[in-house]
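The values are calculated or read from the model by the stated rules, or taken from the named source; none is laboratory data. Keep in mind that this is a model prediction, so the values were computed, not measured. Every residue, glycine as well, gets a Cβ built from its backbone with ideal geometry; the counts of neighbours run over all protein chains shown. Heavy atoms of the whole protein, side chains included, go into the accessibility calculation; ligands, DNA and RNA do not. Shrake-Rupley method; radii C 1.70, N 1.55, O 1.52, S 1.80 Å.
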Amino acid sequence: MSNSSEQIPKRARGAFVQQADSNVKVEEYDVVQPKDLKPGEALVKVMYSGVCHTDLHAAKQDWPLEAKDHLCGGHEGAGYVVAIGEHSNTNLKVGDAVGIKWLADACMHCEFCRQGLESLCPEAKLSGFTVDGSFQQYAVSFVNHLSKIPDGMKLDDAAPILCAGVTVYKALKQSNAKAGNWVAVPGAGGGLGHLCVQYANLMGLRVIAIDTGAEKKKLCESLGAEAWIDFKEEKDIVSAIKKATDDGFGPHAAIVTSASPSGYEQALDYIRPGGTVVAVGLPAGAVVKSEVFWHVVYERKLVGSYVGNRQDAHEALVLANMKNGKVKCHYVTRPLDDLPAIYEEMASGKLAGRTVLKLF
Ligand code: 8ID
Ligand code: ZN
């Protein structure tokens, strides 16, 4: 099945980071040819890729996990299958529209994989971290974990759903919040956060958006947030968040999508008794502290939520492709060569919503 409907070039363009200096450079590289694909691998012509703050963590190497050297980042890739390795067991076909997500591959045999917790698989491969990702025109990925993009969905609309969308959608499910409940979203104006506001609304939740600046305020309110709190202007965030809920007890859930430790600092103080703080953002070195007495007496829950499984990705895509749907990524499309500038703007918190790279 290593067939291909189009001529695959020998060389293409991608963005690579050297561990030594953390600088991202756009370079030409050798494209893996269809005959060289291994069973289970597919070659994807990447048309668009979202840029996630995780890509910036990977470039800066600020996590306690080692990334591949000479790394091509990117894990919100949307494109077409152009070749499939021989002897692959898959229903994918050349020409199918597919998404490359953070979880590139997993063993599918361990207890975690058997339970649909593939992201916990000890042999998991991570796109744009342990294997090259979607900041390249032709990417090798893995048939078991490519997500089929629903018919009729624009690839640029789909790209950010493959990480930002699925991650917040699953985090909201983990929060167990019910229709009519309040959910606080620190980081609401960012890539994950602004999609969280929308999935939350779709689930009937009432959103308190927390972020900073007029542009992000406007974005969050236009997406359905009922309350807005600027974390740089508000002196008493805990009281302001509690006050925003009708009865003053605080939100039933918080989905912390902020990329800085400060987004976590007060979440356990403003959460409603019995409520759940879902940790999603991954600021380097951040620690969450909770006084045991109040943690017990108020039955607070703190759960980590890490991307989503194949079914979560499917559901997140379907919901983002609903006719007259409530979930629509707000993004700006830019060329691959802008990636170094995008990282700088992301680091300084200037980007509202998502940035999507156009690879062709
Ligand atoms: O599976 C996961 N758990 C997962 C998946 C994908 C991404 C985790 N992440 C992590 C990323 O690695 C990153 O640490 O989620 C975090 C957010 O990713 P992003 O949405 O791609 O980043 P962004 O677009 O830069 O948005 C971050 C927002 O946080 C705000 C910023 O203003 C920005 O809008 N923010 C910050 I920084 N500090 C804040 C604070 N104290 C804050 N908002 C509220 N309170
Ligand atoms: Zn991501």
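When you scan region 67-95, how many residues do you find that are farther than 19 Å from Gln136 by Cα, without any contact (Cβ under 8 Å) to a residue 60 or more places away in the chain and either within 16 Å of ligand 1 (Cβ to nearest atom) or surrounded by 14 or more Cβ atoms within 10 Å (Cβ to Cβ) (or both)?
Number satisfying all stated conditions: 2.
So, Ile342, is that one part of a helix (DSSP H, G or I) and either open to solvent by less than 10 Å² (accessible area, probe 1.4 Å) or of a type in the set (Gly, Ala, Ser) (or both) or not?
Considered against the rule, which asks whether it is part of a helix (DSSP H, G or I) and either open to solvent by less than 10 Å² (accessible area, probe 1.4 Å) or of a type in the set (Gly, Ala, Ser) (or both), Ile342 comes out as yes.
Among the residues of region 23-30, is any more than 28 Å from Lys350 (Cα to Cα), open to solvent by 10 Å² or more (accessible area, probe 1.4 Å) and touching a Lys or Arg at 6+ places or on another chain (Cβ under 6 Å)?
Yes: one or more hits.
I'd like to check something: does region 68-81 contain any residue that is over 19 Å from the mean Cα position of the chain (by Cα), at negative phi and aliphatic (A, V, I, L, M)?
Yes, region 68-81 has at least one match.
Residues to consider are Lys289, Lys326; find the one that is open to solvent by 30 Å² or more (accessible area, probe 1.4 Å), without any contact (Cβ under 8 Å) to a residue 60 or more places away in the chain and not in a helix (DSSP H, G or I). Break it down stepwise before answering.
Working: Lys326 fails: without any contact (Cβ under 8 Å) to a residue 60 or more places away in the chain.
Criteria check complete, one pass: Lys289.
Can you name the number of the only condition in (1) free of Cβ contacts under 8 Å to residues at least 60 places away in the same chain; (2) open to solvent by less than 10 Å² (accessible area, probe 1.4 Å); (3) not β-branched (Val, Ile, Thr) that Glu233 fails?
All conditions pass for Glu233, except number (2).
Spot the failing condition for His194; the list is (1) within 16 Å of ligand 1 (Cβ to nearest atom); (2) open to solvent by 10 Å² or more (accessible area, probe 1.4 Å), and only one is missed.
Every condition holds for His194 apart from (2).
I'm trying to understand the selection: among the residues of region 265-280, which are in a loop (DSSP other than H, G, I, E, B) and within 13 Å of ligand 1 (Cβ to nearest atom)?
Answer for region 265-280, where residues must be in a loop (DSSP other than H, G, I, E, B) and within 13 Å of ligand 1 (Cβ to nearest atom): Gln266, Val280.
Considering only residues that are away from ligand 1 (no atom under 16 Å from the Cβ) and not in a loop (DSSP other than H, G, I, E, B), which ones fall in region 96-117?
Those that are away from ligand 1 (no atom under 16 Å from the Cβ) and not in a loop (DSSP other than H, G, I, E, B): Ala97, Val98, Asp105, Glu111, Cys113, Arg114.
Kindly indicate whether Gly74 is modelled with pLDDT of 95 or more, part of a strand (DSSP E or B) and within 16 Å of ligand 2 (Cβ to nearest atom).
no
Looking only at region 243-259, filter to residues that are among the hydroxyl-bearing types (Ser, Thr, Tyr) and within 16 Å of ligand 2 (Cβ to nearest atom); which one of those is farthest from Gly165 (Cα to Cα)?
Restricting to residues being among the hydroxyl-bearing types (Ser, Thr, Tyr) and within 16 Å of ligand 2 (Cβ to nearest atom), the top hit is Ser258.
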